[in-house]
Amino acid sequence: QVQLVESGGGLVQTGDSLRLSCAASGRSFSSRFMGWFRQAQGKEREFVAAISWSGDATRYADSVKGRFTISSDNARNTVYLQMNSLKPEDTAVYYCAADRGRILQTTRVAYDYWGQGTQVTVSS
């Protein structure tokens, strides 16, 4: 069983930064890729960013390119999402997910394990 625990969410103002963390435990070594998704109230859960545990492959949603950076720390079994220049439209619950597949995916259904989510609220 894989456990994913997100942290780092909070209430910030437009233009501020936040760093989310996702600590993986259990059978995390079987997961090759990690992703961040978000779900705003009343909307579908959407892809934000993904990374291979090796760090040699990353992918971003167009809406966050140039503002968000995903990174991984194998020694700590932790994935980070650095979010800069935050906007009110970034307000959502952010979820960490693990994928056991062989290629980096951006679709929700490709991911096998999910964290409980952490709230990010950006005020205008």
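Some notes on this structure:
- Rh by Kirkwood over Cα pairs, then Stokes-Einstein D for the chain at 0.890 mPa s and 25 °C, µm²/s: 173 µm²/s
- Ligands, DNA and RNA are left out, and with a 1.4 angstrom probe the accessible area of the chain is 52 Å² per residue.
- The range 2-73: trypsin sites (Lys or Arg not before Pro) in DSSP coil with no more than 14 other Cβ atoms inside 10 Å: Arg27, Lys43, Lys65
- Amide H partners (placed H, <5 Å) of Gln3, local residues excluded: Ser25, Gly26, Arg27
- Here the Gaussian network model covers the chain, with springs between Cα atoms less than 10 Å apart; of Asp62, Asp90, Asp112, Asp62 fluctuates the most.
- Sequence-ordered 3J(HN,Hα) estimates for the range 94-110 from the Karplus curve with 6.51, -1.76 and 1.60 and θ = phi - 60° stand at 9, 10, 9, 9, 10, 10, 8, x, 9, 10, 5, 10, 10, 9, 4, 5, 6 Hz, glycine and proline given as x.
- Glu44, Glu89, ranked by accessible area, largest first (probe 1.4 Å): Glu44, Glu89
- Accessible carbon and sulfur surface of the chain relative to its total accessible area, %, 1.4 Å: 45 percent
- Separation of alpha-carbon centers, the range 1-51 and the range 56-83, rounded to whole Å: 9 Å
- Under Karplus coefficients 6.51, -1.76 and 1.60, residue-wise ³J(HN,Hα) of the range 113-124 in Hz, glycine/proline x: 10, 9, x, 8, x, 9, 7, 10, 10, 10, 8, 8
The values are calculated or read from the model by the stated rules, or taken from the named source; none is laboratory data. Keep in mind that what you see is a predicted model, and the values were worked out from it rather than measured. A quick note on method: Cβ atoms are made from the backbone with ideal geometry, for glycine too, and the neighbour counts reach across all protein chains shown. To get the accessible areas, we keep the full protein, side chains included, count just its heavy atoms, and leave off ligands, DNA and RNA. Shrake-Rupley method; radii C 1.70, N 1.55, O 1.52, S 1.80 Å.
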